[in-house]
Amino acid sequence: MSHHYFEISTRGAGLYEFTDHVSTWVAGEGPMEAVLTLMVQHTSASLLIQENADPEVQDDLQAYFHRLVPPTTDPSMGYLTHTYEGPDDMPAHIKCAVLPTTLSIPVISGRMTLGTWQGLYLFEHRIRPHLRRVVAMLR
């Protein structure tokens, strides 16, 4: 069993791929059969396994969730009371509650078993830049 912490700098809302960083770390642990667990240590960001071939997929996902849960300045969000940390904060918490914060990925012969077009993404829900931390555990 081993663990590692990944720090991901974001430039604002969007999807940030970190597949290569995780793959390199997993490969460095040697050939093994294990389960990789990833968990983001924040309440306003999520983790996704998503297509990494066409960047329009990430753009469309971000647009969809922005439309589904707009900032608190949108009249449709007037019922929210947690607004003192900015108009994107409570919507970020809602997105985090709907999307996964933990992923489990089988590792076979020291490699993640992601599909051909799959990548690992941190989905930043806040507008301003953040330094996000993802814990990885191989077991």
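Values quoted throughout were computed directly from the atomic coordinates according to the rules given, and no laboratory measurement underlies them. As the structure is a computational prediction, the values presented were derived from the model and not from experiment. Note: ideal-geometry Cβ built from the backbone for every residue, glycine included; neighbour counts use all protein chains shown.
Taking a spot 7 Å from the Cα of ASP60 along the direction of its beta carbon, which residues of region 1-22 have an amide N less than 16 Å from it?
Only 15 fall inside the zone, counting backbone N under 16 Å.
Which of ARG126, ARG11, ARG111 moves most in a GNM of the chain, Cα contacts under 10 Å?
With Cα springs under 10 Å in the chain, the top fluctuation among ARG126, ARG11, ARG111 is at ARG11.
Take the Cα radius of gyration of region 31-72 and divide it by 2.2 N^0.38 Å, with N its residue count; two decimals is plenty.
1.60
Can you give the extra length, in nm with one decimal, that the chain gains between MET1 and GLU33 once fully stretched, where that is 0.36 nm per residue apart less the Cα-Cα distance?
That pair, MET1 and GLU33, stretches by 10.4 nm at full extension.
Which peptide among 119-125, 25-31 comes first, and what is the full order, when sorted by highest mean count of other Cβ atoms within 10 Å?
For the peptides 119-125, 25-31, the packing ranking is 119-125, 25-31.
Taking the Cα centre of region 33-138 as the origin and placing charges on Cβ (Lys, Arg +1; Asp, Glu -1), which of GLN118, VAL57, SER104 is farthest toward the positive end of the dipole?
Final value for the positive-end residue is SER104.
Taking θ as phi - 60°, what are the ³J(HN,Hα) couplings along region 37-42 by the Karplus curve (6.51, -1.76, 1.60), each to the nearest whole Hz, with x for Gly and Pro?
Using θ = phi - 60°, the values come out as 10, 10, 9, 8, 8, 9 Hz.
Can you give the local net charge around LEU80? Use residues other than it whose beta-carbon is closer than 11 angstrom to its beta-carbon, Lys and Arg +1, Asp and Glu -1.
With Lys, Arg at +1 and Asp, Glu at -1, the net is -2.
Once you put a point 7 Å from the Cα of ASP74 and another 7 Å from the Cα of ALA97, both along the Cβ direction, what distance in nm separates them?
Label at ASP74, label at ALA97, 1.6 nm between them.
Go ahead and estimate [θ] at 222 nm for the chain from helices alone: -39,500 (n - 2.57) per DSSP H run with n ≥ 4, summed, over the residue count, rounded to 500.
Taking each H run of at least 4 residues, the total per residue is -7500 deg cm²/dmol.
From largest to smallest, what semi-axes in whole angstrom does region 28-100 give when each is the square root of 5 times an eigenvalue of its alpha carbon gyration tensor?
Equivalent ellipsoid semi-axes, largest first: 31, 17, 8 Å.
Tell me which residues come under 5 Å, amide H to amide H, from GLN118 once H is placed; ignore anything under 5 positions away on its chain.
ASN52
Around VAL107, under 15 Å between beta carbons, what's the net of Lys plus Arg minus Asp minus Glu among the other residues?
Overall, the nearby charge balance is 0.
Placing +1 at every Lys and Arg Cβ and -1 at every Asp and Glu Cβ, with all other atoms neutral, what dipole size does region 1-84 have around its Cα centre, in debye to the nearest 20?
In debye, rounded to 20, region 1-84 gives about 400.
Using only the Cα atoms of region 2-138, what do you get for the radius of gyration and for Dmax, in Å?
Calculated on Cα positions, Rg and Dmax stand at 16.1, 54 Å.
Using R₀ = 25 Å, calculate the FRET efficiency as 1/(1 + (r/R₀)^6) where r is the Cβ-Cβ separation of SER104 and ARG11; round to 0.05.
0.35
Near VAL26, within a Cβ-to-Cβ distance under 15 Å, what is the net charge of the other residues, with Lys and Arg +1 and Asp and Glu -1?
-1
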